[in-house]
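Below is one structure; the comments refer to it alone.
The values are calculated or read from the model by the stated rules, or taken from the named source; none is laboratory data. Note that the structure is a prediction, hence the values are computed from the model and not measured. Heads up, the Cβs are rebuilt from the backbone with ideal geometry, glycines too, and the neighbour counts pull from every protein chain shown.
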Amino acid sequence: MTIVTNTGTPALTFAPENAWTKSSYSGAEGNACVETAALVSTVGVRDSKDKQGPALVFPRDSWTTFITGLRDEEFQTAARA
């Protein structure tokens, strides 16, 4: 997966607060949550506990491939398989 280089760039530089959506798989405890923002040709990803912090930005096709791999359980570890 290719990452668009944006090391340290604040998430709100890429998208306003109302553009970020928390994962439906995030638990109620809020310890391991990510949020995404659909941008024009990329997808921003940030830690929901650090909304002002940096974001990773991925090309849309790379993000789609990653999500498809998760759904297809391509990333199962030996311990979980």
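Just a few scattered comments:
- Scanning the stretch 51-70 for residues that are of a type outside the set (S, T, N, Q) and part of a loop (DSSP other than H, G, I, E, B) returns Lys51, Gly53, Ala55.
- Assessment of the stretch 57-70 against the conditions (modelled with pLDDT under 90, more than 19 Å from Leu12 (Cβ to Cβ) and among the acidic types (Asp, Glu)) yields no matching residue.
- Answer residue from the stretch 52-77, given it is touching a residue at least 40 places away in the same chain (Cβ under 8 Å) and among the aliphatic types (A, V, I, L, M) and is surrounded by the most Cβ atoms within 10 Å (Cβ to Cβ) among those: Ala55
- Taking the criterion of being modelled with pLDDT of 90 or more and surrounded by 12 or more Cβ atoms within 10 Å (Cβ to Cβ), the residues of the stretch 1-20 that qualify are Ala19, Trp20.
- Scanning the stretch 39-50 for any residue that is loosely packed, with under 10 Cβ neighbours inside 10 Å, at pLDDT below 90, of a type in the set (Lys, Arg) and not in a strand (DSSP E or B) turns up nothing.
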